[in-house]
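Participant: My questions will all concern the structure given below.
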């Protein structure tokens, strides 16, 4: 068995790969995706990845991200085992946002993961800016 699992790239490396044609895949939950995401990403929640991996082009590298790194590590490992050239982006969308990089939609933000966040969001609680 090779030591290829757990491949990770920095934000800069991820951007370079994407500029060169890599696919960017967001494996977070629906409410996190709706709150804010990285431009150009494809939404493929981790729970649906096994059933929907066919939507990802096997001929192109894949950069996976989540909120902080746990889900994207699992997703990148699963994709790599299935024959994809997959890596996770270090720091996830939290690191991306902290670096001052843009999110979509306009005014997008990083949602908390988990139930509390989706409940707050459903109640329309404002986020501080």
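Participant: Sort the following peptides by mean Cβ neighbour count (other Cβ atoms within 10 Å, averaged over residues), highest first: 61-67, 74-80.
Facilitator: In decreasing order of mean packing, 61-67, 74-80 become 61-67, 74-80.
Participant: So, one more: Only counting other Cβ atoms within 10 Å, I'd like 17, 44 sorted with the fewest neighbours first.
Facilitator: By the 10 Å Cβ count, ascending: 17, 44.
Participant: Over segment 8-122, what lengths in whole Å, largest first, do the semi-axes of the equivalent ellipsoid take, defined as the square roots of 5 times the eigenvalues of the alpha-carbon gyration tensor?
Facilitator: 22, 16, 12
Participant: If R₀ is 30 angstrom, what is the calculated FRET efficiency for the pair residue 43 and residue 99, using the beta carbon separation as r and rounding to 0.05?
Facilitator: Computed FRET efficiency for residue 43 and residue 99: 0.90.
Participant: Relative contact order for segment 8-122: what percent, with Cα pairs under 8 Å and sequence separation of 6 or more?
Facilitator: Relative contact order here is 32 percent.
Participant: Starting from the Cα of residue 7, move 7 Å in the Cα-to-Cβ direction to define the label point; list residues of segment 66-101 whose amide nitrogen is under 13 Å from there.
Facilitator: 76-89
Computed from the coordinates by the stated procedures, all read-outs in this text should not be read as laboratory data. Worth saying up front: this structure is predicted, and the values here are computed from it rather than measured. Please note: Cβ atoms are built from the backbone with ideal geometry, for glycine as well, and neighbour counts cover all protein chains shown.
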